Amino acid sequence: MPVTSHSIKSKPYLVGSFQVPDAVNAAVPAAAVPAPAVPAVVTRYRNVHTIYPTNIARNTLAIAAATTTDARNRLSGTAAVGAGDTIYLKYFDDEITSVRLPCPAPAGVNLFVTDTLTGCKFFVDTIAGSTDLMVYHANTHAHSAGAGADCDVQTVGATGVLDQLHMNAVADYAVHGIVLNNVASCDKPTYYGSGGVAERNKRNQGRVQGPVFQAGQAVFAGGCTIVGIPHGGTWRFYYQLYGTVDYTRPDIPIIDALINFKWNYTHKKIWQGLDHGAAVDSMKVHGWARIY
């Protein structure tokens, strides 16, 4: 079954392996130099901004269905330049990547997908004089919120780095004569918001550190998948947060639990034990929303 605006709400999707060529490193031309055509090969400017030509970013999608040991449906692709049904945007540590999405989508293309986000930021720009869109995946490992921070926390410093990466990428396109206007973005506090709520709910229920992360508190484990789906001559983008919470239940004697009508706790303690470890077989969709 293809990825749709409906399936993204209930079926966890993990972004697996896709294929794109390596980038050719290049400097951005000075403003005085006549703007060249947008690169026909994957090009990395200043070692921080990689531009993927649309046709080169196309892959043929494969979906491996969820199993009893992994609740996630795995998306992967094989390179199919100019012919694949999916446009894939790769990410790199401490860099930004971008690709132009034609509107309407090229014939045969029914999906856009980028790598899993766990702290990155996704941007959508319109293009002056065109109906097409430009999308970006920005990453930084600087300015971590630190151990013990809620999963939906991102520091002001990290946000500043991600926004600057996007502004610099927009300037790269300006050299090519392409004028861009940001119309949407999606960051960690947004797509990890429901994960943060899940963490805090478990803590408020007296749940403490789990068996996997040992962080001293209940911890959300999972990831965010962002997809684009052609719609009415343009694209609609959605994020999905999937995962589970790693925690340990308080050790309440069974008799006390029964006296206090804690039926659900009693059932889970007997059949599941005190530990609820983060495992891929129990991951589910915790949140989703349309980005643009």
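What follows is calculated from the coordinates using simple rules that are stated; it is not laboratory data. A quick note: this is a predicted structure, and the numbers were derived from the prediction, not measured. Note that we place each Cβ from the backbone using ideal geometry, even for glycine, and neighbour counts take in every protein chain shown.
Tabulated values for the structure
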{"read-out": "Positive-end extreme of charge dipole, segment 1-149 - chosen from V99, T54, A64 (charges on Cβ)", "value": "A64"}
{"read-out": "Under-5 Å amide H pairs with V208, H placed in peptide plane, nonlocal only", "value": "T248"}
{"read-out": "Extension gain (nm, one decimal) between A27 and A65, 0.36 nm per residue minus Cα-Cα", "value": "9.4 nm"}
{"read-out": "Radius, Kirkwood style, for segment 1-121 when every pair of distinct Cα atoms is counted (Å)", "value": "15.8"}
{"read-out": "Length released on extending from S17 to N181, taking residue separation times 0.36 nm less the Cα-Cα span", "value": "56.0 nm"}
{"read-out": "Residue-wise HN-Hα coupling along segment 147-155, computed from phi with Karplus coefficients 6.51, -1.76, 1.60 (Hz; x: Gly, Pro)", "value": "4, x, 6, 4, 5, 9, 8, 9, 6"}
{"read-out": "Mean separation of Cα contacts under 8 Å (6+ apart) over length of the chain, as relative contact order %", "value": "19"}
{"read-out": "Environment charge of A289, counting only residues whose C-beta is closer than 13 Å and scoring Lys/Arg +1, Asp/Glu -1", "value": "+2"}
{"read-out": "Cα coordinate range in the chain, projected on the principal axes (Å, largest first)", "value": "80, 41, 30"}
{"read-out": "Under-5 Å amide H pairs with A184, H placed in peptide plane, nonlocal only", "value": "V124"}
{"read-out": "Segment 205-244 versus segment 72-127: alpha-carbon centroid distance in Å", "value": "19"}
{"read-out": "Among Q205, Q217, Q154: highest mean-square fluctuation, GNM of the chain, C-alpha pairs under 10 Å", "value": "Q205"}
{"read-out": "Rounded, prolate or oblate (a/c below 1.5 giving rounded, otherwise prolate when a/b exceeds b/c) for segment 178-219 by Cα gyration tensor", "value": "prolate"}
{"read-out": "Residues of segment 201-233 with amide N under 17 Å of a point placed 7 Å along Cα→Cβ from S5", "value": "226-233"}
{"read-out": "Theoretical ellipticity at 222 nm over the chain - DSSP helices of four or more residues, -39500 (n - 2.57) apiece, nearest 500", "value": "-5500 deg cm²/dmol"}
{"read-out": "Net charge contributed by nearby residues that have their C-beta within less than 13 Å of G160 (K/R +1, D/E -1)", "value": "-1"}
{"read-out": "Three-way shape call for segment 77-134 based on the alpha-carbon gyration tensor, with the a/c threshold at 1.5", "value": "oblate"}
{"read-out": "Column: log10 I(q)/I(0), Debye, Cα scatterers of segment 89-171, q = 0.14, 0.19 Å⁻¹", "value": "-0.54, -0.86"}
{"read-out": "Size-normalised alpha-carbon gyration radius of segment 142-220, reference 2.2 N^0.38 Å", "value": "1.52"}
